[in-house]
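The values are calculated or read from the model by the stated rules, or taken from the named source; none is laboratory data. What you see is a predicted model, and the numbers here were worked out from it, not measured in a lab. Because the Cβ atoms are built from the backbone with ideal geometry, glycine has one as well, and the counts that use them run over all protein chains shown. Note: areas computed on protein heavy atoms with side chains; ligands, DNA, RNA excluded. Shrake-Rupley method; radii C 1.70, N 1.55, O 1.52, S 1.80 Å.
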There are 2 protein chains.
Amino acid sequence: MFNRKLVFTALLAASTSMTAVADTVETERHKVTVSTFADGFTNPWGMTFLPDNSVLVTERSGDLYWVSENGQYREKISGTPEVVAKSQGGLLDVTIDPDFESNQWVYISYSEPAQDGGKGNSTAVMRAKLVDKAFTDKEVIFRQAPKYESNAHFGSRLVFSPEGHLFVTLGDRYSRMDDAQTLDNHHGKVVRIWPDGSIPEDNPFVGQDNALDEIWSYGHRNVQGADIHPDTGELWTVEHGPQGGDEVNIPKAGKNYGWPEITYGVDYGGAIISEDAVKEGMEQPFYYWVPSIATAGATFYTGDAFPDWKGDFFVAALKSSLVARLDLYEGRMMHEERLFEDTIDARIRDINQGPDGFLYLLTDESNGSILQIKPAD
Amino acid sequence: MFNRKLVFTALLAASTSMTAVADTVETERHKVTVSTFADGFTNPWGMTFLPDNSVLVTERSGDLYWVSENGQYREKISGTPEVVAKSQGGLLDVTIDPDFESNQWVYISYSEPAQDGGKGNSTAVMRAKLVDKAFTDKEVIFRQAPKYESNAHFGSRLVFSPEGHLFVTLGDRYSRMDDAQTLDNHHGKVVRIWPDGSIPEDNPFVGQDNALDEIWSYGHRNVQGADIHPDTGELWTVEHGPQGGDEVNIPKAGKNYGWPEITYGVDYGGAIISEDAVKEGMEQPFYYWVPSIATAGATFYTGDAFPDWKGDFFVAALKSSLVARLDLYEGRMMHEERLFEDTIDARIRDINQGPDGFLYLLTDESNGSILQIKPAD
Ligand SMILES: [Ca+2]
Ligand SMILES: [Ca+2]
């Protein structure tokens with residue numbers, strides 16, 4: 001009679017601060033409920049909805065799960081690649097092809113070991129066809145170069161542009177931060193490729209010596225949030241800063257976003273990274289946080305379930321268990337609201353809008369959950 | 001040997017949380033000291049620097065003081081008008097003519113009693129020549145109409161445009177909030193006049209029936225902060241919202257800023273003023289605060305003493321004893337920093353930049369002070 005997974009879920013839920021029963025939260029513009037849609041994931045990192053409203057969820061340790069539309073059933077996808085699951089590394093983001101219904105392509109980003117058996121690693125992007133809960137026709141379409149021995153700052157998010165490009169947001173590998181300012185590597189870059197890994201001809205550094213053709217923008221630290229603006233079609237990114245200095249940027253082709261030459265943050269422990277926050281030839285952020293909230297995933301809200309949130313930019317944060325709502329109006333930042341600080345006690349790694357217009361949060365915990373945010377009646 | 005006022009000042013200082021000894025504060029971009037420049041004022045409300053670096057300070061109860069350049073001597077200005085010093089009413093802002101050195105005109109705003117001896121009052125603006133610490137050649141150049149029996153929401157700030165207009169920011173008189181949406185009165189308006197009180201020909205409602213010629217913009221609640229943007233020459237205002245909904249606006253000729261039809265706030269106690277925050281034909285704020293910080297005076301910083309603050313907009317707040325720094329870049333709001341929350345324990349009514357490039361705060365307390373903010377060595 002009882003579904004074993006449901007019971008499992010209920011037991012786990014009872015042991016955490018989140019309960020299966022919905023919490024009601026009065027936000028500035030909407031009264032919402034927060035409830036557990038699915039849980040029992042081990043450090044989930046990325047998620048995406050399929051056209052039938054089911055969900056793909058990554059666990060950092062390397063597993064990819066399919067979760068049914070109602071959150072109650074799940075199945076492990078077979079055939080996923082080996083990942084370097086250490087510290088910040090592992091299986092990271094997941095997204096589907098804009099033409100998924102006809103081509104079944106799924107894209108994942110992950111920390112890939114060096115091909116020569118050495119100790120280095122870097123962020124790679126694989127695509128594969130999802131057929132009967134298995135990966136087939138696997139192709140590695142991007143490899144961050146060079147491989148490097150570090151277990152930190154892999155990025156990453158995967159988002160498609162309206163023209164069909166795939167943006168891959170990357171990290172600076174922490175101890176290679178200066179690489180973010182040079183173009184002969186993919187550290188601290190946003191790259192833009194076609195879904196098969198080929199290079200768009202109009203990428204900004206195509207044909208330039210000592211510059212890698214995949215690069216779209218540079219001077220980034222660790223970009224873990226990205227979405228396309230629903231009206232302008234522009235890429236918006238969120239990068240996790242040092243101590244202070246988390247940033248929202250709108251990366252333009254070939255532009256330099258300054259890290260580590262300019263920053264509003266200091267290093268962990270307070271050491272100065274740069275005295276400068278502004279320098280000619282480097283772009284200022286659209287918005288920044290001091291102190292840091294430890295930003296991760298991000299999404300524009302475009303649904304009808306929360307009319308007063310339409311067009312706003314939502315940023316998930318790890319440190320204070322919050323979601324920052326940036327109230328945007330005609331491209332301007334009018335106000336920041338911090339949601340769920342008192343409701344959710346978990347690191348929020350990703351945020352997505354569901355096909356139902358509700359918001360879904362992914363908590364990066366040893367018993368990680370997908371939380372559903374919907375209007376309270 | 002001892003100057004009596006100095007001793008008096010030192011004694012008073014010792015009895016408050018501010019001491020004559022400077023407090024050092026680490027802000028995000030600058031290490032600063034906060035010290036008492038002058039104190040012993042009774043609910044000071046507005047201040048302005050004279051060309052010789054001395055200061056004029058209003059007390060809400062009706063007195064206007066001249067304070068010497070070093071803060072140590074003061075003298076009462078004689079000949080100031082009768083004011084309705086009740087609740088929020090009294091002597092409010094003070095500013096000087098752009099040509100003060102040649103014409104000695106000083107402008108003050110204040111709650112003026114009804115001329116017919118009735119119980120009504122409203123904000124008026126007087127100009128007078130300041131000669132030997134006395135007001136002469138007094139002229140009332142503006143009277144907010146209609147007079148009304150209320151002791152709340154008088155505004156006001158006085159600022160000159162680069163073209164020499166005088167902007168007067170007003171309040172909605174609280175119980176007359178709906179008047180802010182109609183043009184046959186000065187409640188909830190920003191008005192623009194010439195320094196002699198005459199009407200600029202190109203004011204937006206000149207020649208329109210049932211609209212007062214002085215009106216520049218409407219739909220405001222209680223505008224207690226204003227300054228001219230140093231690059232664009234545009235007026236920026238700060239209005240004190242209800243519970244939630246303090247706003248920064250950039251009032252344009254003839255535009256409607258929405259109060260009370262739209263607001264991000266609710267009434268004190270939580271009652272709904274309007275369900276709407278956005279409506280066609282009404283302007284959105286540049287920035288807003290929820291919850292309210294209880295905004296008052298405001299200034300752009302244009303000096304050299306704090307290079308990283310250049311171009312930023314500083315807003316004084318009453319409730320949390322803070323100054324909000326809006327970090328602006330190319331007209332965009334990138335970040336809000338809250339200064340002095342842990343250092344100053346007083347309602348901050350006004351903020352000005354001194355001729356020395358330091359910032360000066362006015363604390364609206366029974367023993368109110370001028371506080372000086374300067375770089376720590
Ligand atoms: Ca940056
Ligand atoms: Ca408004």
| query | What number of residues within segment A:253-270 are of a type in the set (A, V, I, L, M), more than 21 Å from the chain's Cα centre (by Cα) and more than 10 Å from ligand 1 (Cβ to nearest atom)? | reply | 1
| remark: Being outside any loop (DSSP other than H, G, I, E, B) and free of Cβ contacts under 8 Å to residues at least 12 places away in the same chain narrows A:SER122, A:SER102 down to just A:SER102
| message | Need pairs with beta-carbon distance below 6 Å; first residue at the interface with chain A (Cβ under 7 Å from one of its Cβ atoms) and within segment B:280-300, second outside any loop (DSSP other than H, G, I, E, B) and open to solvent by 10 Å² or more (accessible area, probe 1.4 Å); sequence gap 6+ or separate chains. | response | B:GLN284/A:TYR329; B:PRO285/B:GLU247; B:TYR288/B:GLU247
| Any chance segment A:277-284 includes a residue that's open to solvent by less than 40 Å² (accessible area, probe 1.4 Å), at pLDDT 95 or above, closer than 28 Å to A:ASN43 by Cβ and touching an Asp or Glu at 6+ places or on another chain (Cβ under 8 Å)? | no
| note | Just one listed residue, out of A:GLY331, A:GLY311, A:GLY297, A:GLY303, is within 21 Å of A:PHE154 (Cβ to Cβ) and out of contact with any Ser or Thr (no Cβ under 6 Å at 6 or more places or on another chain), and it is A:GLY297
| task | Pairs only if they're at least six apart or on different chains, beta carbon under 7 angstrom, first in segment B:256-274 and away from every other protein chain (no Cβ under 14 Å), second basic (Lys, Arg) and surrounded by 10 or more Cβ atoms within 10 Å (Cβ to Cβ); list them, first residue then second. | result | B:TRP259/B:ARG221; B:GLU261/B:LYS279
| Just checking, how many residues over segment B:352-362 are in contact (Cβ under 8 Å) with a residue 60 or more places away in the chain and open to solvent by 10 Å² or more (accessible area, probe 1.4 Å)? | 3
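Within segment B:301-312, count every residue that is part of a loop (DSSP other than H, G, I, E, B), over 21 Å from A:GLU336 (Cα atoms) and within 14 Å of another protein chain (Cβ to nearest Cβ).
Taking segment B:301-312 first, the residues part of a loop (DSSP other than H, G, I, E, B) are B:301-306, B:310-312.
Going one step further and asking which of them are over 21 Å from A:GLU336 (Cα atoms), we end up with B:301-306, B:310-311.
So of that shortlist, the ones also within 14 Å of another protein chain (Cβ to nearest Cβ) come out as B:306, B:310-311.
The qualifying residues number 3.
Among the residues of segment A:190-238 satisfying the criterion of being of a type in the set (D, E, K, R) and surrounded by fewer than 20 Cβ atoms within 10 Å (Cβ to Cβ), which is nearest to ligand 1 (Cβ to nearest atom)? First the steps, then the outcome.
Step one: filter segment A:190-238 for residues of a type in the set (D, E, K, R), giving A:192, A:196, A:201-202, A:209, A:213-214, A:221, A:227, A:231, A:234.
Restricting the remaining residues to those that are surrounded by fewer than 20 Cβ atoms within 10 Å (Cβ to Cβ) gives A:196, A:201-202, A:209, A:213, A:231, A:234.
Values: A:ASP196: 31, A:GLU201: 28, A:ASP202: 24, A:ASP209: 26, A:ASP213: 23, A:ASP231: 24, A:GLU234: 17 Å.
Result: A:GLU234.
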| remark: Picking from A:ARG74, A:ARG60, the residue that is among the basic types (Lys, Arg), closer than 21 Å to A:ALA296 by Cβ and at pLDDT 95 or above would be A:ARG60
| remark: Sole miss for B:GLU28 among (1) within 14 Å of chain A (Cβ to nearest Cβ); (2) farther than 26 Å from B:ARG325 by Cα; (3) among the charged types (D, E, K, R) is condition (2)
| query | Does segment B:315-338 include one or more residues that are open to solvent by less than 10 Å² (accessible area, probe 1.4 Å) and free of Cβ contacts under 8 Å to residues at least 12 places away in the same chain? | reply | yes
| field | Hits in segment A:108-126 - residues which are open to solvent by 10 Å² or more (accessible area, probe 1.4 Å) and within 17 Å of the chain's Cα centre (by Cα) | value | A:MET126
| query | Looking at segment A:21-63, which of its residues are open to solvent by less than 10 Å² (accessible area, probe 1.4 Å) and among the aliphatic types (A, V, I, L, M)? | reply | A:VAL32, A:VAL34, A:ALA38, A:MET47, A:VAL55, A:LEU56, A:VAL57
| request: Check off (1) surrounded by fewer than 23 Cβ atoms within 10 Å (Cβ to Cβ); (2) of a type in the set (Lys, Arg); (3) away from ligand 2 (no atom under 16 Å from the Cβ) for B:ARG349 and give me the number that stays unchecked. | output: (1)
| request: Determine, yes or no, whether B:ALA298 is away from ligand 1 (no atom under 16 Å from the Cβ) and either crowded, with 17+ Cβ neighbours inside 10 Å or modelled with pLDDT under 95 (or both). | output: yes
| query | What strands (runs of 3 or more DSSP E), lying completely within segment B:313-377, carry at least 1 residues that are away from every other protein chain (no Cβ under 14 Å)? | reply | B:313-317, B:322-329, B:348-353, B:359-363, B:368-375
| Looking at A:ILE250, A:ILE273, which is the one that is modelled with pLDDT under 95, more than 10 Å from ligand 1 (Cβ to nearest atom) and of a type in the set (Val, Ile, Thr)? | A:ILE273
| task | Give segment B:68-99 a look and list any residue that's open to solvent by 30 Å² or more (accessible area, probe 1.4 Å) and either more than 24 Å from B:ALA38 (Cα to Cα) or of a type in the set (S, T, N, Q) (or both), or say none. | result | B:ASN70, B:GLN72, B:SER78, B:THR80, B:GLU82, B:LYS86, B:SER87, B:GLN88, B:PRO98, B:ASP99
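Could you pull out every one of the strands (runs of 3 or more DSSP E) wholly within segment B:149-223 that has 1 or more residues that are at pLDDT 95 or above and among the polar types (S, T, N, Q)? Outline the logic, then answer.
Values: elements: B:158-160, B:166-169, B:189-193, B:215-218.
Hits in segment B:149-223: B:166-169, B:215-218.
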